[in-house]
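**Q** Below you will find the structure I want to go over with you.
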Amino acid sequence: EKRSSITLEHGAHRLGKRTDAQMETWRNYGLGQFIHWGLYAIPGGHWNGKYYAGAAEWIRSWKDMPKDAYDNLYKEFNPQNFNAKAWAKQAKDMGARYVIITTKHHDGFCIWPSQYTDYTIANSPYKKDALKEIVEAYESIGIDVYLYFSIIDWNHKGYRSAIPETGEEKRAYEDFKKFTANQLKELLRNYPSTKGLWFDGTWDKAWIEQTAFADSLEAELREMRPGLIIGSRFRADEFGRRHFDSNGDLMGDYEQGWERKLPNTIEDVHGNDWDCVMTIPENQWGYHSEWRGHVKTSVELIEMMAKSVALDGNFVLNFGPDGQGAIRPEETKLAKEIGEWMKVNHEAIYDCGYAGLEKQDWGYITKHRKTGKYYLIVFNIPVSGALRIKLAPGSDIASLYDLAEPNRNYSPEEIHRSKADGNEFFIHLKHKPSQPMVIVLESTDKE
Ligand code: JFZ
């Protein structure tokens, strides 16, 4: 069905998924790591003995945080426990295949020595280029690097969330735009092996109005780096629509709106690529020394990852190292638990996507994009002990085994086929697992 569409100069420049090799790699990651690390890690959600209830990386905006004190924190940034290789190793052991690192958050502090501002790590006691260390450490063990960049910059003189049509403020904002473009090109020049940009802080009225500027900047960045991956959170169309243009078409290479939430059905993602970025505690991205409220368990996180992949997305788990550069023990423990699960079950996550089969209450089904194998990722065991699965009409089960025990096939007694509905099967479990389990199903419907 063809819907009516209007002509847009700055809407989506491509319909449907990208099919090139770089995007294919992105699509197949399955699991990623997010890192929020900057000056906010020093106060860690507290100032003068007071607890900040917001997200730690937003502490500068708190009424009880003196701006001047915050803007001088860079003089204390000297992370003595920072070890990029240790971060990378932990991410690798967890099973992450890409990392998104905050090069600059809303506060404007750069963890690379930008030549366009003095507010950088080069002027901190640490002095060294932490971003370079991170890029090298992750890439050397096979993890692709993506650069988080906030358009909001509370440190730049010309930055405003809204600007008048003319006058001094407007001129200052032009400087800010130039600065933003310079920094982005600098990042691509200095870290040529990185794979993409993860934009944030693009919701201001002032930025939304920069449609033509942002569109041509995006084109320039893509030209500088063929294959560059940019999500839907960079620019608005000429009617101020973000993520999806005025025709409802996705702008950018993948949908970036799944933030601490997940789609429920394949219809929710409209056939687009997408990523879910998730925090371990509630709304905390940067280091907060005192997590309150619900803290997710590894099983909950594994379930979110499985659900993401089953709905054709990537799952990206956030870490907030502290002011000394150490990853907190709670995060280390979860990374280890996820890694232990991934060690056995990664085949159900990597290079997999939507299976095209009916969703079942026991869990999620992923399908390997090359081999066509189905993975039944089981989180809830029915009281009956039998897992229902509906294959494509006319399809049969060719083989069925636990991923943890690939040499033992389920026996015919363990697989009941419904007489009434020929493609409906009931798998009678051999044992009750204590961890989410994966059953591999090879069907006769292989393409
Ligand atoms: C933004 C930041 O403000 C936050 O500090 C963190 O970096 C996060 C990853 O991104 O927060 C957002 C951005 C977008 C939404 C929600 C929070 N959103 O689209 O729902």
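**Q** Please state which one of Lys89, Lys63 is over 19 Å from Pro281 (Cα atoms), away from the ligand (no atom under 16 Å from the Cβ) and within 24 Å of the chain's Cα centre (by Cα).
**A** Lys89
**Q** Please give the strands (runs of 3 or more DSSP E) falling wholly within the stretch 339-431 in which 3 or more residues are out of contact with any His (no Cβ under 7 Å at 6 or more places or on another chain) and over 20 Å from Thr444 (Cβ atoms).
**A** Numbers: elements: 352-354, 363-368, 374-378, 386-390, 397-402, 405-409, 415-417, 424-428.
Counting at least 3 such residues, we get 405-409.
**Q** Given the criteria more than 25 Å from Ile302 (Cα to Cα) and in the same structural domain as Gly293 (by TED's automatic domain parsing), does Met94 qualify?
**A** no
**Q** Which one is farthest from the chain's Cα centre (by Cα), of the residues in the stretch 207-235 that are under 23 Å from Gly313 (Cβ atoms) and of a type outside the set (D, E, K, R)?
**A** Selected residue: Gly227.
**Q** Over 30 Å from Thr332 (Cα atoms), within 15 Å of the ligand (Cβ to nearest atom), in contact with a Phe, Trp or Tyr (Cβ under 9 Å, 6 or more places away or on another chain) and not charged (D, E, K, R): does that describe Thr202? Give the derivation first.
**A** Values: over 30 Å from Thr332 (Cα atoms): yes; within 15 Å of the ligand (Cβ to nearest atom): yes; in contact with a Phe, Trp or Tyr (Cβ under 9 Å, 6 or more places away or on another chain): yes; not charged (D, E, K, R): yes.
So Thr202 passes the test.
**Q** Now for a separate question. Counting only residues that are under 19 Å from the mean Cα position of the chain (by Cα), away from the ligand (no atom under 14 Å from the Cβ) and either surrounded by fewer than 22 Cβ atoms within 10 Å (Cβ to Cβ) or not aliphatic (A, V, I, L, M) (or both), how many does the stretch 236-253 have?
**A** 1
**Q** Is there any pair with a first residue in the stretch 88-109 that is modelled with pLDDT of 95 or more and a second that is of a type in the set (Lys, Arg) and within 16 Å of the ligand (Cβ to nearest atom) whose Cβ atoms are under 6 Å apart and which are 6 or more apart or on different chains, and what are they?
**A** The qualifying pairs are Asp107/Arg60.
**Q** Taking the conditions exactly as written (of a type outside the set (Gly, Ala, Ser) and in contact with a strand residue (DSSP E or B) (Cβ under 6 Å, 6 or more places away or on another chain)), does Trp291 satisfy them or not?
**A** No; evaluated as a whole, the condition is false for this residue.
**Q** Does Gly158 fit the bill of being surrounded by fewer than 21 Cβ atoms within 10 Å (Cβ to Cβ) and touching a Phe, Trp or Tyr at 6+ places or on another chain (Cβ under 7 Å)?
**A** yes
**Q** OK, next. Scan (1) buried (at least 18 other Cβ atoms within 10 Å of the Cβ); (2) hydroxyl-bearing (Ser, Thr, Tyr); (3) under 21 Å from Asn318 (Cα atoms); (4) away from the ligand (no atom under 15 Å from the Cβ) for the single condition Tyr52 breaks and write down its number.
**A** Here Tyr52 meets the rest and fails (4).
**Q** Can I ask one more? If a residue has to be hydroxyl-bearing (Ser, Thr, Tyr) and closer than 14 Å to Pro79 by Cα to count, how many in the stretch 121-142 make the cut?
**A** 2
**Q** Among the numbered criteria (1) more than 16 Å from the ligand (Cβ to nearest atom); (2) touching a residue at least 12 places away in the same chain (Cβ under 8 Å); (3) of a type outside the set (A, V, I, L, M), which one does Phe149 miss?
**A** Condition not satisfied by Phe149: (1).
The values are calculated or read from the model by the stated rules, or taken from the named source; none is laboratory data. From a predicted model like this one, the values you see are computed outputs, not experimental measurements. Here the Cβ is made from the backbone with ideal geometry for all residues, glycine too, and neighbour counts use every protein chain on show.
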